[in-house]
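The values are calculated or read from the model by the stated rules, or taken from the named source; none is laboratory data. Just so it is clear, the model here is predicted, and its values are computed rather than measured. Backbone-built Cβ (ideal geometry, glycine too); neighbour counts: all protein chains shown. Surface areas here come from the heavy atoms of the whole protein model, side chains and all, with no ligands, DNA or RNA. Shrake-Rupley method; radii C 1.70, N 1.55, O 1.52, S 1.80 Å.
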Amino acid sequence: MELRVLKYFLMVAREGSITAAANALHITQPTLSRQIRELEEEVGSPLFVRGSHSISLTEEGVLLRKRASEILELVEKTQREMARTEQTLSGDVFLGAGETVGVHYLTQTARELQRQHPDVHVHISSGDGSDVLERLDKGLVDFALVFGSVDLAKYHAIALPYKDLWGVLMRKDSMLAQKQEIRPEDLADQPLILSRQAFRNELLSGWFGKLADRMQVVGTYNLVFNGSLMVEDGIGYALCLDKIIRTSEDSPLCFRPLSPKWEAGMYVLWKKYPIFAPAAERYLELLLKLGTPM
């Protein structure tokens, strides 16, 4: 399976048309059609449903699109790492993180690395815990910032000297906005919007205690900015971390911490037995000065 053909496949998937993809790739339509047919023969499955004026992906095509994107991204990352010069430390460091002000630990380390080595570039991708760990496992990021428990059999970890505070994001004109803290009974039978990670987290049910069966989950979010729009439009109350969404005087939203307090420990992970480029190795040296290795 050639990388060139994977690029052709992704272009066809994006354009939804052999003709449009061929024009974008500056090759002839018959050539592109032949390459796609040979790819389908190689994988043993049809990748497209062909219509009279457009084509769409089959279930196998959707899977290959995801894998092909990951493969090409990893190849590009490797090429950039191999292109560094011997005289000057250069290259790229790839970070994955959830939404938290704790990202400052990553960015402050990046600032110091770039102060010492201006030819190093740092890239951050955002997502919830499962997204970030998936990218770490696949080698698409070098380091991942996560909350909660850590699988020390699988990863090296640094515990950062910071904990995020869970609470409720709500409209300022909501009935709970008058409270300084939010208790489980305040949220019983109220419409709740949870992060995907919190929705799967048994600790949340533990915080609700006997009232867990009265949780009324009306929606979930992946990134809290979108969750805040759901709150702003009156869909419900969002459980989230503090200091992510702006709740200044001109904002229609406010944040109230949970009581009993629920805090999330924060860790930077990297795979055991990693093969780091020199830029990532230097980043780790600087990062170790901030936290406690586990």
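Quick one: which of L3, L39, L25, L47 is at pLDDT 90 or above, closer than 23 Å to E76 by Cα and of a type outside the set (F, W, Y)?
Within the list L3, L39, L25, L47, the selection yields L39.
Counting only residues that are among the small types (G, A, S) and modelled with pLDDT of 90 or more, which one in segment 252-294 is most open to solvent (accessible area, probe 1.4 Å)?
S259
Exactly one of (1) among the charged types (D, E, K, R); (2) surrounded by 15 or more Cβ atoms within 10 Å (Cβ to Cβ); (3) without any contact (Cβ under 8 Å) to a residue 40 or more places away in the chain is unmet by R65. Its number?
Going through the list (1) among the charged types (D, E, K, R); (2) surrounded by 15 or more Cβ atoms within 10 Å (Cβ to Cβ); (3) without any contact (Cβ under 8 Å) to a residue 40 or more places away in the chain, R65 breaks only (3).
Output yes when any residue across segment 232-241 is surrounded by 13 or more Cβ atoms within 10 Å (Cβ to Cβ), free of Cβ contacts under 8 Å to residues at least 60 places away in the same chain and part of a helix (DSSP H, G or I), and no when none is.
no
Taking the condition more than 17 Å from P293 (Cβ to Cβ), modelled with pLDDT under 90 and aromatic (F, W, Y), does F94 pass?
No; evaluated as a whole, the condition is false for this residue.
From D128, D151, which residue is within 29 Å of A68 (Cα to Cα) and in contact with a Gly (Cβ under 7 Å, 6 or more places away or on another chain)?
D128
Checking the structure you have, find out if any residue of segment 182-196 is within 28 Å of the chain's Cα centre (by Cα), under 27 Å from T109 (Cβ atoms), at pLDDT below 90 and not acidic (D, E).
yes
Do any strands (runs of 3 or more DSSP E) entirely within segment 10-97 hold 2 or more residues that are closer than 27 Å to S125 by Cβ, and if so, which?
Answer list for segment 10-97: 91-97.
Are any residues in segment 6-32 surrounded by fewer than 16 Cβ atoms within 10 Å (Cβ to Cβ) and free of Cβ contacts under 8 Å to residues at least 40 places away in the same chain, and if so, which ones?
R14, T19, A20, N23, A24, H26, I27, T28, Q29, P30, T31
Name, by its number, the condition in (1) part of a helix (DSSP H, G or I); (2) open to solvent by 70 Å² or more (accessible area, probe 1.4 Å) that does not hold for A110.
Here A110 clears every test but (2).
Kindly indicate whether W207 is in contact (Cβ under 8 Å) with a residue 40 or more places away in the chain, aromatic (F, W, Y) and farther than 26 Å from H104 by Cα.
In short, yes.
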